[in-house]
Amino acid sequence: MSRKSQQVLMLVPSIAIGVGVPVAVLFTIGHGLDALLGTIVIVFSLLVAGALGIVGMGISTAVPDMSAGDDQTVRTLRASQRAMLEEMDQVVELLENIRDTLRSAGDDAE
């Protein structure tokens with residue numbers, strides 16, 4: 001995924017909050033919501049949308065671009081995944097031994 005599309009995806013929620021919440025609150029003010037409460041909600045939603053947009057842009061620029069072809073990083077990640085899978089196989093084998101031991105102990109008690 002390109003950096004530009006990451007930035008767009010990070011900005012979509014902040015734009016939705018920054019536009020959707022004030023429009024919805026203005027609609028409900030017209031139907032009986034207190035204007036002071038509506039103003040507080042609108043200001044708070046704009047602040048949250050702005051903060052979300054700033055954090056999203058910061059995250060999208062801080063994430064390294066893996067599509068640059070960093071082969072060493074990919075090899076390292078694959079090796080770590082292989083090691084983790086081998087350890088999980090050992091854990092499965094150990095758990096099967098424990099299960100068999102518990103079954104045999106349960107059969108002896110009867």
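Bear in mind these aren't lab numbers, they're just calculated from the coordinates by the rules spelled out. Please read these numbers as outputs of a predicted model, since none were measured by experiment. Don't worry about glycine lacking a Cβ; one is built from the backbone with ideal geometry, like all the others, and counts go over all protein chains shown.
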statement: Of the candidate values (1) 19.5; (2) 15.5; (3) 15.9, the one computed for Kirkwood radius over Cα pairs in Å from this structure is (1)
field: Separation in nanometres of the label points that stand 7 Å from Cα toward Cβ, at L77 and L9
entry: 1.3 nm
- prompt: Modelled label-to-label distance, T101 and A62, 7 Å Cα→beta-carbon offset: nm?
  reply: 4.5 nm
query: Spin-label point model (7 Å from Cα, Cβ direction): what's the H31 to L47 distance in nm?
result: 2.7 nm
Cα-centred dipole magnitude for the chain, charges only on beta-carbon of K, R (+1) and D, E (-1), debye, nearest 20: 1000 debye
field: Unit charges on C-beta of K, R, D, E only; dipole of segment 70-110, Debye
entry: 280 debye
- request: Work from the charge dipole of the chain (Cβ charges, +1 for Lys and Arg, -1 for Asp and Glu, about the Cα centre) and give the residue of G38, M84, I59 farthest towards its positive end.
  value: G38
- line: Per the charge dipole of the chain (beta-carbon charges, Lys/Arg positive, Asp/Glu negative, Cα centre), the residue among F27, L94, Q72 reaching farthest to the positive end is F27
